[in-house]
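Note sheet for the following structure.
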Amino acid sequence: MSTVAFFPEGAFGPTNNCVGIGDVLRARGHRVVFIVEESFAGSLEEKGFEERLMRLAPPPEEPEVPGQFWKDFIRDTAPVFRTPTVEQLGAFIAPTFQALVDGSKYVHERLLEIFDELQPDVIVEDNVVSFPALPASGRPWVRIMSCNPAEMKDPGVPPVFSGYPSGDRSLWPAYWDEYRRAHADLHADFDEFCRTHGAPPLPELDFIHESPWLNLSLYPAEVDYTREAALGPTWHNLEASVRSTDAPWEPPPGDGPLIYLSLGSLGSADVELMKTLIASLADSRYRVVVSKGPQHDQLELPANMVGEEFLPQTSVLPQVDLVITHGGNNTVTECLWFGKPMVVLPLFWDQYDNAQRIDEKGFGRRLDTYGHEVADLIQAIDTLLADEALKQRLRAVSNRLQQRPGTATAADLIKQLGTRH
């Protein structure tokens, strides 16, 4: 039996991804431990996993709920989401990286303590910045890239976080110039920290290292990019990593298409946007299931809607006809896994890249999140629901993905790594 330590970023997307893989490993008899922020205390134990707690910042005066730091951060930064992605580089992306880097520095010693106590055979991390404690531990470690694969930069792939189309490179050079300008000082500072705390130098333009052992990506082949330079032999594409730990869910009664509205635990913190979308669908012919999120007490639902603060998404998705999503990587890959068309309303980070990719590959529609009209949303939904050829394509994608579950593939690779070393 191996001991596998999972270290996901303090948000529900990466955590849920790791839960799916950890559940397979646990069922095979391995010891699985989650290293999580204190605000998540108990949430992994409820699923039957061991926990080790840490902090990415000094404790607040008030008690926290899971992921509270990022919920507050998104709420306060929401006005920036109305600006073009190139302008978000300095106003949102760089401050986000700064906060993540600060967390990596703060938690370094605590991670070393946890690794020393657990003596894990393998450490599995799902983050977007490096934690030098992983290479410094001297133990095999796995990087999961559960964001859009544009995170691994390539001359033939649109700039990360840009949402730019693959077929038009006219805006790419100016975007990359601004990307360098916005991040140069922070990159230099974090590179020095990494090198002085047991990690190799950072790659150019990146805040995270590839693992020398094993790297896992999550993007179905039907929407993945064509690269000019192939990723190295340590990279394996799981395509999807869908957990089977969610509770059962019963759909509401009634007729009409069933629509799932979810902007994720972070995106739903934009209460005004949620209220706008709810109002847009209030008089429609659809039944709507709403993932209300952390500000659930501020949202009232009309008669054609049901919703909760949290919903068991992988139990909801098989039963709906279409998904309105922010374009988070987990939701996008889960929709393809279950064969559901999407209307994508991106807000931040790689959501723009996912929205563009789903649109240009014909599996859904990308809309201007804050600039679309009600008629645009209704038309997009109706067009997708009526597209029989799309339903057949999505069914084929779903069947293919479900024949080779990414959670099992990941568990096989992680087990092999632990056995070899």
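Here are some notes:
- Residues considered: Ala150, Ala221, Ala174, Ala229. Of these, the only one that is assigned to a loop (DSSP other than H, G, I, E, B), on the phi < 0 side of the Ramachandran plot and touching a residue at least 24 places away in the same chain (Cβ under 8 Å) is Ala229.
- Boolean, Ile324 is at pLDDT 95 or above and either surrounded by fewer than 22 Cβ atoms within 10 Å (Cβ to Cβ) or under 16 Å from Ile259 (Cβ atoms) (or both): yes
- Here Tyr370 fulfils each of the conditions (1) assigned to a helix (DSSP H, G or I); (2) surrounded by fewer than 24 Cβ atoms within 10 Å (Cβ to Cβ); (3) at pLDDT below 95 apart from (1).
- Pairs with Cβ under 9 Å, 6+ apart, first in the range 236-255 and on the phi > 0 side of the Ramachandran plot, second of a type in the set (Phe, Trp, Tyr) and at pLDDT 90 or above: Glu239/Tyr219; Glu239/Trp337
- Scanning the range 373-402 for residues that are among the charged types (D, E, K, R) and assigned to a helix (DSSP H, G or I) gives Asp376, Asp382, Glu388, Lys391, Arg393, Arg395, Arg400.
- Condition check for Tyr352: over 19 Å from Ala386 (Cβ atoms) and not in a helix (DSSP H, G or I): no
- Matching residues in the range 179-218 - criterion: being among the polar types (S, T, N, Q) and part of a helix (DSSP H, G or I): Thr196
- Taken together, the residues in the range 318-340 that are among the β-branched types (Val, Ile, Thr) and free of Cβ contacts under 8 Å to residues at least 24 places away in the same chain amount to 0.
- Residue check for Gln392: exposed (fewer than 12 other Cβ atoms within 10 Å of the Cβ) and not assigned by TED's automatic domain parsing to the domain that holds Val223: yes
- So Pro220, is it out of contact with any His (no Cβ under 7 Å at 6 or more places or on another chain) and either farther than 28 Å from Val320 by Cβ or at pLDDT below 95 (or both): no
- Of the numbered criteria (1) farther than 16 Å from Thr96 by Cβ; (2) hydrophobic (A, V, I, L, M, F, W, C); (3) crowded, with 19+ Cβ neighbours inside 10 Å, the one Ala182 fails is (1).
- Residue, farthest from Thr369 (Cα to Cα), within the range 275-292, restricted to residues that are touching a residue at least 24 places away in the same chain (Cβ under 8 Å) and part of a loop (DSSP other than H, G, I, E, B): Arg285
- Any hit, the range 57-65, residues being within 27 Å of Gln295 (Cβ to Cβ), at pLDDT below 95 and surrounded by 20 or more Cβ atoms within 10 Å (Cβ to Cβ): no
- For the range 235-262, filtered to residues that are closer than 19 Å to Gly339 by Cα and of a type in the set (A, V, I, L, M), the residue that is modelled with the lowest pLDDT is Val242.
The values are calculated or read from the model by the stated rules, or taken from the named source; none is laboratory data. Note that this is a predicted model, so its numbers are computed, not measured. Using ideal geometry, Cβ is built from the backbone for each residue, glycine included, and neighbour counts are taken over all protein chains shown.
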